[in-house]
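The values are calculated or read from the model by the stated rules, or taken from the named source; none is laboratory data. Only a predicted model underlies this, so the values are computations on that prediction, with no experimental measurement involved. Reconstructed Cβ throughout: ideal geometry from the backbone, glycine too, with neighbour counts over all protein chains shown. In case anyone asks, the SASA skips ligands and DNA or RNA and just uses the protein heavy atoms, side chains included. Shrake-Rupley method; radii C 1.70, N 1.55, O 1.52, S 1.80 Å.
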Amino acid sequence: MRAAMAAADVDDDVRGVDPTAHRFQAEMAALMGKEAALFVPSGTMGNLISVLVHCDVRGSEAILGDNSHIHLYENGGISTIGGVHPRAVRNNPDGTMDVDEIVAAIRHPDLHCPTTRLICLENTHGNSGGRCLSVEYTDKIGEIARSHGLKLHIDGARIFNASVALGVPVDRLVKAADSVSVCLSKGLGAPIGSVIVGSKVFIDKAKILRKTLGGGMRQVGVLCAAAHVAVRDTVGKLADDHRKAKSLADGLNKIGQFAVDSATVQTNMVFLDIVDSRISSDKLCQVLKKHNVLANPSSFTSVRLVLHYQISDNDVQYALTCFEKAVEELLLGGTRLESLVDGTTENLMGTSQI
Ligand SMILES: *Cc1c(COP(=O)(O)O)cnc(C)c1O
C-alpha cells in the first residue's frame with residue numbers, strides 16, 4: 001500500500017484531473033453498481049454530503065435510526081450545517097427500524113411540518129454490534145422510499161462486512177439505495193478516506209458540496225492509490241475477521257465474569273457484557289491497555305471490541321489470556337483499593353503485588 005502511494009500518478013483533483021482518483025472512483029462505482037463515485041476525506045463528510053444533496057431544500061426532513069451513527073455521532077451536522085431536520089425512528093436491537101414505524105414517520109403535506117425527503121439506513125449497524133441488514137429488508141425500505149417519492153441513503157461505512165457476512169454481492173445489497181457512503185479506513189485499512197456512490201447527477205452535486213465543506217483535495221491520488229489497494233486486498237480477508245470475532249466471543253463466554261450474545265456476532269465486532277458488578281468497563285479497558293489490548297467501553301458494563309486483518313488468531317488467543325489476567329487483577333486489586341480506603345491495609349493477604 002505504501003509503495004502504491006509512492007508510485008501514484010497524481011494531478012489536481014480539485015480541477016478533476018487526478019488520474020489515480022479518476023481510476024479509483026470509476027472502479028468503486030462499478031463495484032457498487034452505481035453510475036459514479038467520489039472520494040471524500042471521511043465517513044462523516046460522506047454522510048453529510050449525501051444527506052445534503054438529497055435534502056437540498058431547507059426544511060427537509062430525513063428519517064433515520066435513533067441509534068444510528070449519523071444521528072448520534074456526527075455532531076448533528078445534517079441540521080447544524082444542512083438545515084435538515086432529523087426524524088429519529090426507534091432502532092431495533094438488530095439495527096433495523098420497523099417498516100410500519102418508518103411509514104408512520106413519513107410526513108403528509110402540512111403547513112406545520114417539514115417535508116420528508118430521505119430515509120437513511122446503516123449497514124452494518126455499528127451500535128447493534130455490527131449486525132447486517134438483509135438485502136430483503138433493504139429492498140423493502142427502498143420500495144417504501146420510491147413509492148413515497150423519497151430517496152434512500154445507506155451509511156455503509158462497513159457495507160463490505162455486511163456483503164461478506166450475508167454472502168450477497170455488494171452491488172446487489174445496495175441496489176435499492178440512491179447513495180451509499182463506504183469507509184475505506186476502518187476494517188479495509190486505507191490510511192484516510194471514504195467514498196460515496198450514486199447517480200452521475202448525485203455525484204455532480206456532491207462534488208460541489210465537498211468543495212464547500214473543504215473536502216476538495218489536490219494530489220488526492222496518493223490516498224486513492226492506498227484505497228485501491230485496501231479494496232483489492234482486504235475485502236477478501238473480511239470473512240477471516242468475522243471468524244476470529246466469533247472465536248474471540250466464544251473464548252470470552254468461557255470467562256465467568258463476561259457474557260457475549262453470540263447471535264450478535266455477525267461481522268468483526270464483539271460487544272462484551274460484564275456480568276460481575278465489581279468490574280467496570282473503564283477499569284477493564286485500562287488494564288487491557290497495559291497488556292496492549294485496545295478496547296473501548298461502550299457503557300458502564302459493556303466493552304466494544306473490533307477485529308481487523310492484522311489481528312491474528314494468536315493475537316486473539318493472547319487477548320483472551322489478557323482478559324483472564326485483567327479479571328484476576330481487577331478482582332484482587334479491587335479488594336486492595338477498598339482496603340486502602342478503609343485504612344485496613346493489613347487485610348491485603350499478599351495480593352498487593354498483582
Ligand atoms: C466510522 C463511521 C462513520 C464516520 O466515519 P468517519 O470517517 O469516522 O467520519 C459513519 N458511519 C458509521 C456506521 C461508522 O462506523
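Within the same chain, aspartates and glutamates fewer than 8 places from LYS246 are excluded, and of the rest, those with a Cα less than 16 Å from its Cα are ASP261, ASP273, ASP313, ASP315. Solvent-accessible area assigned to carbon and sulfur over the range 108-227 amounts to 55 percent, based on a 1.4 Å probe. Expressed as an acute angle from 0 to 90° and rounded to the nearest 10, what is the orientation of the C-alpha long axis of helix 19-32 relative to the principal long axis of the chain? It works out to around 80 degrees.
Looking at the range 33-89, the trypsin sites (Lys or Arg not before Pro) that sit in a DSSP loop and have at most 15 other Cβ atoms within 10 Å of their own Cβ are ARG58. Within the chain, DSSP assigns beta bridges of which about 55% are antiparallel (rounded to the nearest 5). Starting from the Cα gyration tensor of the chain, take the square roots of the eigenvalues, sort them a ≥ b ≥ c, and report rounded, prolate or oblate (rounded when a/c is under 1.5, otherwise prolate if a/b is larger than b/c, else oblate). Prolate, since a/c reaches 1.5 and a/b exceeds b/c. Each residue of the range 204-216 was assigned a 3J(HN,Hα) from its phi angle through the Karplus curve 6.51 cos²θ - 1.76 cosθ + 1.60 (θ = phi - 60°); the sequence is 4, 5, 4, 4, 5, 5, 4, 5, 4, 7, x, x, x Hz, with glycine and proline shown as x. Relative to the longest principal axis of the Cα atoms of the chain, the long axis of helix 313-342 makes an angle of roughly 60 degrees. Estimated at 0.36 nm per residue, the fully extended path between SER312 and GLN219 surpasses their Cα-Cα distance by 30.1 nm. Excluding ligands, DNA and RNA, the accessible surface per residue across the chain is 46 Å² with a 1.4 Å probe.
Rounded to the nearest whole Hz, the Karplus-based 3J(HN,Hα) values (6.51 cos²θ - 1.76 cosθ + 1.60, θ = phi - 60°) of the range 157-171 follow the sequence 3, 10, 5, 5, 4, 5, 4, 5, 5, 7, x, 10, x, 4, 5, with x at glycine and proline.
With respect to the chain, whose longest principal axis is taken over its alpha-carbon atoms, helix 135-147 is tilted by about 40°. Each of VAL14, VAL53, HIS112 was scored by the projection of its Cα onto the charge dipole of the chain, and the greatest displacement toward the positive side belongs to VAL14; charges sit on the C-beta of Lys, Arg, Asp and Glu. Taking all protein chains together and rolling a 1.4 Å probe, LEU284 ends up with roughly 0 Å² accessible.
Too long at a 19 Å Cα-Cα cut-off: which of LYS283/LYS325; LYS175/LYS200; LYS254/LYS290; LYS151/LYS175; LYS237/LYS289?
LYS254/LYS290; LYS237/LYS289
Measuring max minus min along each principal axis, the C-alpha atoms of the range 158-219 give extents of 37, 28, 16 Å (largest first).
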